[in-house]
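Novice: Handing you a structure now.
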Amino acid sequence: MGINRRQFLKIAGFSSLIGLGGTSASLLRKSILEASQEEQDPRALLGKRWALVIDMSKFKTEDDYRRVIDVCHRIHNVPDIGNPKSEVKWIWKEEYENVFPSQDFDNQYVEESLKNKPFLVLCNHCDNPPCVRVCPTKATFKRKSDGIVMMDMHRCIGCRFCMAACPFGARSFNFQDPRPFLKEMNPEFPTRTKGVVEKCTLCYERLAIGLIPACVEASNGAMAFGDLKDPNSEVRKLLRDNYTIRRKPELGTLPSVFYIIGGKNNA
Amino acid sequence: MLEKALVGDRRYWGWICFLLAVMGVGLIFYLRQFSFGLGITGMSRDVSWGLYISQFTFLVGIAASGVMVVLPYYLHDYKAFGKITILGEFLAIPAVIMCMLFIFIDMGQPTRVLNVLLHPSPSSVMFFDMVVLAGYLVLNILVGWTTLHAEKKGIAPASWVKPLIILSIAWAPSIHTVTAFLYAGLPGRHFWLSAIMAARFLASAFASGPALLILLALIVRKFSKFDPGKEAIQALGRIVTYFMLTNVFFLGLEFFTAFYSKIPGHMMSFEYLYMGLEGHGKLVPLMWASSILSVLAIGLLVFPQIRKNETLLAIASVTVFVALWIDKGFGLVVGGFVPNPFERITEYWPTIPEASIALGVWAFGFLLLTILYKIAVTVKEESGGEAIH
Amino acid sequence: MYNGGKIIAGLVIFVGLVFLPFFLSMGKAVAKPDPKIDTPYIQHLAEKKCVESKQTMKTIHMQMLYDWRDAVVRDGDRIYVANDGKKYTMSLQNTCMKCHSNKKQFCDQCHNYLSVKPYCWDCHIAPKEGV
């Protein structure tokens, strides 16, 4: 049979392409669960757009902050890297002037009670999140059911585009394996591994069984949680009665974390 | 035609071995990064993109610049470029491969890279970037290889090549525009949130790419019997001149918007880069070097008498390349992250492992470039030089 | 043939490399995987049943975990309705590993035999041995 090298290579190349194409079709996995086989837990808290209203005037002592931060980081196995360059944090303190920089660029005429006051900051679970827009794999996505900006740790490729996109600096990257930095692990929640991005996920695992987020619970009433779309929720009441501000509203990301300014407890 | 790359003198093989050595060092450091994580780099929670992504950004420009020789020849019959279209295409191929490699080594979970294709997200510019880069690579390989092969045989290439060439001319600016869109659409990063980001990218690409091509053409002339031609090199010199002027002009436009509006968010990154901010100024010497070199380069390029002197043109090309590398291949990416969203400053500098890995990727690119150019130049030496329309 | 010496030598090296795993494990007997399901938790179960039948689980447990993952993380559904109507919380750590808390004597038995290295355990906390 007269076949020259060039023809042989052409046929071989073509066949391998077909073979690869065929096997790659098998990568497109179909779900084996019927739709009827997955249900919501009946205890789950239901809401169309979850929001937090934080009354910073109720955070007075160091312990008020510690309680809230520690419970989140403990139950979610957030590592304590101890190095500001590569630290991982889901909720933390930043001073007022740094949380709302456009309010006072010259930092001179801030109200006394707010001057250098530590504010709690976390992911704002925006309604128009740029991080979701930029994710090339939809590893971070906005859950249709409740508006939480979620993380799918299985899918994240660690490109960190979301970290560049987030205007609030809410996201952390695992620059190394976090496990050596976990003093004790909560065995009911996974850790993360190196190379993925993480952030506050609004305690979705607690909401699913009817519990409010851990930070809200630990705040002893300083933080309120509820459904923005429900006119009778606690957050809506607070928003009607108090002047609140959100971080960087001019960017149009529509954050869901509101800070009460001039609350009744403001000394 | 690959066998032509296996024949060479001692200098050729010495160069190849040197590149392999640099690649080897990069690979060893990459294995360490793969097992430990990106913590071995200088990146941080605040500066989450660094040397790798900035190299990718710079190299997309080099890849796109191939259009600067292809367009005049195929659309406007500029005969002088007939000999060097292949040099442009064979520069684009390693440049795109380097881009993809830089993205790959920057990923935290590189084994999951196929997720981008398995879960396509059309709203993500990065998804588009992967698609258009892959497409551009395929285009250039197809077009470059078949036109060279046809030239080797002394005939015109097949008729289906021409439409692909036209497609590649439109595709080239697109890949760099998409890359600019990675930066220009992020609401929180005011240094990048500029409408002329894509225009700036293209201007610096079309200055730095042809500058590199001039140097490569001079090297090819020196080390082989193939002469790309004085007229082609001078035309490239004119292209570099005009686009360098445009590039500096665009930078001036950015400075104006920032410092006339006096909006702190717009000014702060510039202040950090060129003057230092709150005592932090690691990049200031670099950025001023880039500016001074840019002015120097324009001074050499703008006068035809100087430009016609090929030695001075070569010096100007090196100056352009270095100045633009500092600006786009370093300052641009780092500057966008300083200050951070809380107006605090975390500085960035690459670590030795990080720089070694980056150099390893560059060495790999130069290896591919060497191989492809060896093939192209050998074919041209044997066939007499001109691509047939 | 031309370069016959080099070709034969190359072929010998190639065959040697390809069959190296077989040469290295010749004569060694590796024990058949013997996954144990006698954890204290299972022993205290009234009905000793897994979420689905043994054969089903053997075949599809990885695909099931993928589907569970998508349901919990992406859809917000935590309850799995098994083929027999029983309901379970979809969780590797809190459901599967509650019964099968002996990862080394259960999961690893087959996985090690087949050289399967699932990276689930990078994140999902494996139960402490000996509990």
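Novice: With a cut-off of at most 10 other beta carbons within 10 Å, and DSSP calling the residue loop, which GluC sites (Glu not before Pro) in region A:161-204 qualify? Please list them. If you can, show how the numbers build up before the last one.
Specialist: Working: sites: A:Glu184, A:Glu188, A:Glu198; in loops: A:Glu184, A:Glu188.
Those satisfying the criteria are A:Glu184.
Novice: Next question, about the same structure. On C-alpha positions alone, give me the angle between the axis of helix C:4-18 and the longest principal axis of chain C, in degrees, nearest 10.
Specialist: 20 degrees
Novice: Taking Cα centroids, how far is region B:129-160 from region A:185-231 in Å?
Specialist: 54 Å
Novice: Rounded to the nearest 0.05, what FRET efficiency do C:Met62 and A:Lys237 have when you use their Cβ-Cβ distance and R0 = 51 Å?
Specialist: Numbers: r = 47 Å, r/R0 = 0.93.
Efficiency, rounded to the nearest 0.05: 0.60.
Novice: Using the Cα centre of region B:1-72 as origin and beta-carbon charges of +1 (Lys, Arg) and -1 (Asp, Glu), tell me which of B:Ser65, B:Ile53, B:Leu38 is placed farthest towards the positive end of the dipole.
Specialist: B:Leu38
Novice: Now, a different point. Efficiency by 1/(1 + (r/R0)^6): what FRET value for A:Arg74 and B:Thr351, r their Cβ-Cβ distance, R0 = 45 Å, to the nearest 0.05?
Specialist: Numbers: r = 32 Å, r/R0 = 0.71.
It comes to 0.90.
Novice: In addition: Mind listing the phi-derived Karplus ³J(HN,Hα) values for region B:373-379, rounded to whole Hz, using 6.51, -1.76 and 1.60 with θ = phi - 60°, and x for any glycine or proline?
Specialist: Values, residue by residue: 5, 4, 5, 4, 5, 4, 4 Hz.
Novice: Right, here's the next one. Between A:Phe119 and residues 5 or more places away or on another chain, which pairs have amide H atoms under 5 Å apart, with H built 1.01 Å from N, and which residues are they?
Specialist: Answer set, sorted by chain and number: A:Glu94, A:Glu95, A:Tyr96.
Novice: A further question on this structure: Taking the Cα-to-Cβ direction at C:Ala82 and at A:Asn220 and moving 7 Å from each Cα, how far apart do the two end points lie in nm?
Specialist: 4.5 nm
Novice: Still on this model: Out of B:Ser294, B:Ile16, A:His125, whose Cα points farthest toward the positive end of the dipole of the protein assembly as shown (charges: +1 Lys, Arg; -1 Asp, Glu; placed on Cβ)?
Specialist: Sorting the options by dipole projection puts first B:Ile16.
Novice: Once the dipole of the protein assembly as shown is set up with Lys and Arg at +1 and Asp and Glu at -1 on Cβ about the Cα centre, which of A:Ser233, B:Ile239, A:Tyr65 lies farthest towards its positive end?
Specialist: Projecting each Cα onto the dipole axis, the largest value belongs to B:Ile239.
Novice: Right, something else. Compute the Kirkwood hydrodynamic radius of region B:193-309, taking the inverse of the mean of 1/r over all pairs of distinct Cα atoms, and give it in Å to one decimal.
Specialist: Working: mean 1/r = 0.0619 Å⁻¹.
By the Kirkwood definition, the hydrodynamic radius is 16.2 Å.
Novice: Could you work out the local net charge near B:Ile16, counting Lys and Arg as +1, Asp and Glu as -1, over the other residues with Cβ closer than 13 Å to its Cβ? Walk me through the numbers on the way to the answer.
Specialist: Working: positive: B:Arg10, B:Arg11, B:Lys374; negative: B:Asp9.
Local net charge: +2.
Novice: Give the shape of the protein assembly as shown as rounded, prolate or oblate, defined through the alpha-carbon gyration tensor: a ≥ b ≥ c are the square roots of its eigenvalues, a/c under 1.5 means rounded, and otherwise the shape is prolate if a/b is larger than b/c and oblate if not.
Specialist: Cα axes put the protein assembly as shown in the oblate bin.
Novice: Quote the charge dipole size of the protein assembly as shown about the Cα centre in Debye, to the nearest 20; the model charges only the Cβ of Lys and Arg (+1) and of Asp and Glu (-1). Please list the in-between numbers first.
Specialist: Details: 84 positive and 65 negative charges, 370 e Å.
With Lys and Arg at +1 and Asp and Glu at -1, about 1780 debye.
Novice: Moving on. Can you compute the charge dipole magnitude of region B:2-383 about its Cα centre, using +1 on each Lys and Arg Cβ and -1 on each Asp and Glu Cβ, nothing else charged? Give it in debye, rounded to the nearest 20. Walk me through the intermediate numbers first.
Specialist: Numbers: 26 positive and 20 negative charges, 150 e Å.
The calculated dipole for region B:2-383 is roughly 720 debye.
Novice: Moving on to the next point. Under 5 Å between amide hydrogens, which residues at least 5 positions from B:Thr351 or on another chain qualify, with H placed 1.01 Å from N in the peptide plane?
Specialist: Amide H to amide H, under 5 Å and 5 or more residues apart or across chains, B:Thr351 pairs with B:Gly42.
Novice: Could you state the angle between the C-alpha long axis of helix B:264-274 and the longest principal axis of the C-alpha atoms of chain B, as a value from 0 to 90 degrees rounded to the nearest 10?
Specialist: Result, in degrees: 60.
Novice: Could you derive backbone 3J(HN,Hα) for region B:71-83 from the dihedral phi with the Karplus parameters 6.51, -1.76 and 1.60 (θ = phi - 60°), listing whole Hz in sequence and x where the residue is Gly or Pro?
Specialist: Values per residue, Gly and Pro as x: 4, x, 6, 8, 9, 10, 6, 7, 4, 4, 7, x, 7 Hz.
Novice: Another question, then. Taking the Cβ-Cβ separation of B:Ala195 and B:Ile292 as r and a Förster radius of 30 Å, what is the calculated FRET efficiency to the nearest 0.05?
Specialist: Once the sixth-power term is evaluated, E becomes 0.60.
Novice: Between A:Ile32 and A:Phe105, how many nm apart are label points set 7 Å from Cα along the C-beta direction?
Specialist: Those two pseudo-labels are separated by 6.1 nm.
Novice: If you fit an axis through the alpha-carbon atoms of helix B:10-36 and take the longest principal axis of the Cα set of chain B, what angle between them do you get, 0 to 90°, nearest 10?
Specialist: Taking the Cα atoms of chain B, the angle to B:10-36 is about 30 degrees.
Novice: Sort B:Arg10, C:Arg78 so that the residue with the fewest other Cβ atoms within 10 Å of its own Cβ comes first and the one with the most comes last. Could you put the intermediate results ahead of the total?
Specialist: Values: B:Arg10 7, C:Arg78 24.
Fewest-to-most ranking of B:Arg10, C:Arg78: B:Arg10, C:Arg78.
Novice: If you take the square roots of the eigenvalues of the alpha-carbon gyration tensor of region A:50-260 and sort them as a ≥ b ≥ c, do you get rounded (a/c under 1.5), prolate (a/b over b/c) or oblate?
Specialist: Details: a/c = 1.37, a/b = 1.30, b/c = 1.05.
Here region A:50-260 falls in the rounded category.
Throughout, read-outs are computed from the coordinates displayed, never taken from laboratory work. No experiment lies behind these values; they were computed from the predicted model shown. Virtual Cβ from ideal backbone geometry, glycine too; neighbours counted across all protein chains shown.
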